[in-house]
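I'd like to ask some things about the structure below.
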Amino acid sequence: MFDDQKLESLQQAHNKYYEAPIFKGPSLYFHHKSLESSRKQDFDRFSEHIYALLVSWGMHRMGPGGAKMREFEEFRASLKKVWNIALQLQKKEPGSLCKCDWEDLKKVFCGIRCMNTGTSLVGNSKVMAHLIPNLIPPVDRRYTLNFLFGKGQIANDLEKEWGILSKILKEFFYPIVLSSEFKSEADKWIVRPNDFPWDTSHLKIVDNLIIGSSKAIRT
């Protein structure tokens, strides 16, 4: 389905991504903190770090309009219910998922309650991208959905939203991270955290390349 959504030259897209001056400050700080507490399997710290990350990534807007998050305790309770499933999924890789692994991914996705507005895909994917960065990239409307579907609108239906996420994983993200061309480039970037602080996993690098490709198209 996504044959027409070609990434620009990997190096060009990567360069474009890091030319952007906006991806710093608390959004980067809590990105690293969330990944660190996830690696340590520290539930209390992860739940606090990822809640702060969601705010810094624009998932809670002050005032009457815009995205709204649930109260922390409600979010924390939902995360607690799927925590052990997610920890088991940290051991998995995109090229070796079985049917039961996909069922577990769906349980985690459908179990997280972070957003108080209708759509769950964007918020839940951002949580999972830090809890299970080996299997899930962050998804957003402006870049991911526009790049893949030509529009950012999605139906507010949890089952359908999971269908969208699983589809783009199977048909776009996973084929890229399993390709030798991508691995060759990504492995060079991921070992240079001082130069490329957002290159924290192969799937996050694909997300970065989508953003970079989108910026290249607009210029």
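What follows is calculated from the coordinates using simple rules that are stated; it is not laboratory data. Only a predicted model underlies this, so the values are computations on that prediction, with no experimental measurement involved. Here the Cβ positions follow ideal geometry from the backbone for every residue, glycine too, while neighbour counts run over all protein chains shown.
Please compare each pair in K92/K151; K170/K204; K167/K188; K33/K92 to a cut-off of 25 Å on the Cα-Cα distance and tell me which ones are over it.
Values: K92/K151 31 Å; K170/K204 16 Å; K167/K188 28 Å; K33/K92 22 Å.
Pairs exceeding the cut-off: K92/K151; K167/K188.
Would region 80-151 count as rounded, prolate or oblate if I go by the C-alpha gyration tensor, calling it rounded below 1.5 in a/c and otherwise prolate when a/b exceeds b/c, oblate otherwise?
Numbers: a/c = 2.20, a/b = 1.37, b/c = 1.60.
The shape class here is oblate.
When a/c is below 1.5 the answer is rounded, else prolate if a/b is larger than b/c, else oblate, so apply that to region 1-107 with a ≥ b ≥ c taken from the square roots of the Cα gyration tensor eigenvalues. Don't jump to the answer; show the numbers that get you there.
Numbers: a/c = 1.68, a/b = 1.09, b/c = 1.55.
The shape class here is oblate.
What size of dipole, in debye to the nearest 20, comes out for region 10-218 about its Cα centre when the only charges are +1 on Lys and Arg C-beta atoms and -1 on Asp and Glu C-beta atoms?
Values: 31 positive and 23 negative charges, 55 e Å.
Once rounded to the nearest 20, the dipole reads 260 debye.
Oh, and also: If amide hydrogens are placed 1.01 Å from N in the peptide plane, which non-local residues have theirs closer than 5 Å to the one on M69?
R61, N116
Next up: Going by the alpha-carbon gyration tensor, a ≥ b ≥ c the square roots of its eigenvalues, is the chain rounded (a/c under 1.5) or, if a/c is not under 1.5, prolate (a/b greater than b/c) versus oblate? Write out the running numbers ahead of the final one.
Details: a/c = 1.32, a/b = 1.26, b/c = 1.05.
Rounded is the answer for the chain, as its axis ratio a/c remains below 1.5.
Charges on Cβ only, +1 for Lys and Arg, -1 for Asp and Glu, centred on the Cα centroid of region 10-218; of N124, L89, Q41, which one is farthest towards the dipole's positive end?
N124
Evaluate the relative contact order of the chain (contact order divided by residue number), counting alpha-carbon pairs under 8 angstrom at least 6 apart; express in whole percent.
Details: 266 pairs, mean separation 57.1, N = 219.
Computed over the chain, the figure is 26 percent.
Quick check on the exposure proxy: order T119, T144 from fewest to most C-beta atoms within 10 angstrom.
Fewest to most other Cβ atoms nearby, the residues stand as T119, T144.
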